[in-house]
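What follows is a single structure, written as structure tokens, with notes after it.
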Amino acid sequence: MKAERGGFRPLRREQLFQELVHDSYKAGHKLHEPTRCPECGAVFQKGRWTWASAPSGAHEEKCPACHRIHDKFPCGFVSLKGDFFRDKREQILQLVKNHEAKEKAEHPLQRIMKIEDTEDGVVVTTTDTHLARDIAEALHNAYKGDLDYHYNKEDNLLRASWSR
Ligand SMILES: [Zn+2]
């Protein structure tokens, strides 16, 4: 397959689970345990970020999600468009937000960064490719429509386009 602008390649849905790599937006050094993010309060313990409360004396360092938000550098993009989307916009965006809330409760690094209007719909940006994929799959499960993925593996950026 030929690379597209920005290093994106089309990706079949069934390839996604093998292809998506874990967030490469990590500290360039090994984090102390426990470490608490001063922005959102997430705690890094036993190799993962959780919403557990931090023991006193925890180190402080921004989590990868807060880093991305601070740098305005999303790694997931879900575009939503089409007449059906325009008609049911509020209901559909509510599904997107509910999905994020559910994921974020378990996985502190899975967050929506922004929901922005575009010429023909909206783009939802996320701090993690997995959340972008899960939102796109949730839309497709709920409403069908057309869904495709483009992935830039080098930079771990996922673009999902859903339309109906
Ligand atoms: Zn944080």
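Would you confirm, using the coordinates I've provided, whether Phe85 is away from the ligand (no atom under 16 Å from the Cβ), open to solvent by less than 70 Å² (accessible area, probe 1.4 Å) and under 15 Å from the mean Cα position of the chain (by Cα)? In short, no. Determine, yes or no, whether Asp146 is over 16 Å from the mean Cα position of the chain (by Cα) and either closer than 15 Å to Leu93 by Cβ or of a type in the set (Lys, Arg) (or both). Answer is no for this residue.
Per this entry, Gln18 is counted among residues that are surrounded by fewer than 14 Cβ atoms within 10 Å (Cβ to Cβ), of a type outside the set (Val, Ile, Thr), part of a helix (DSSP H, G or I) and modelled with pLDDT under 95.
Residues that are open to solvent by 20 Å² or more (accessible area, probe 1.4 Å), over 13 Å from the mean Cα position of the chain (by Cα) and touching a residue at least 24 places away in the same chain (Cβ under 8 Å) within segment 117-137 comprise Thr118, Asp120, listed in sequence order.
The values are calculated or read from the model by the stated rules, or taken from the named source; none is laboratory data. All values reported here derive from a predicted model rather than from experimental measurement. So basically every Cβ, Gly included, is an ideal-geometry build from the backbone, and we count neighbours across all protein chains shown. Ligands, DNA and RNA are stripped out before the accessible areas are found, and what is left, the full protein with its side chains, is counted by its heavy atoms. Shrake-Rupley method; radii C 1.70, N 1.55, O 1.52, S 1.80 Å.
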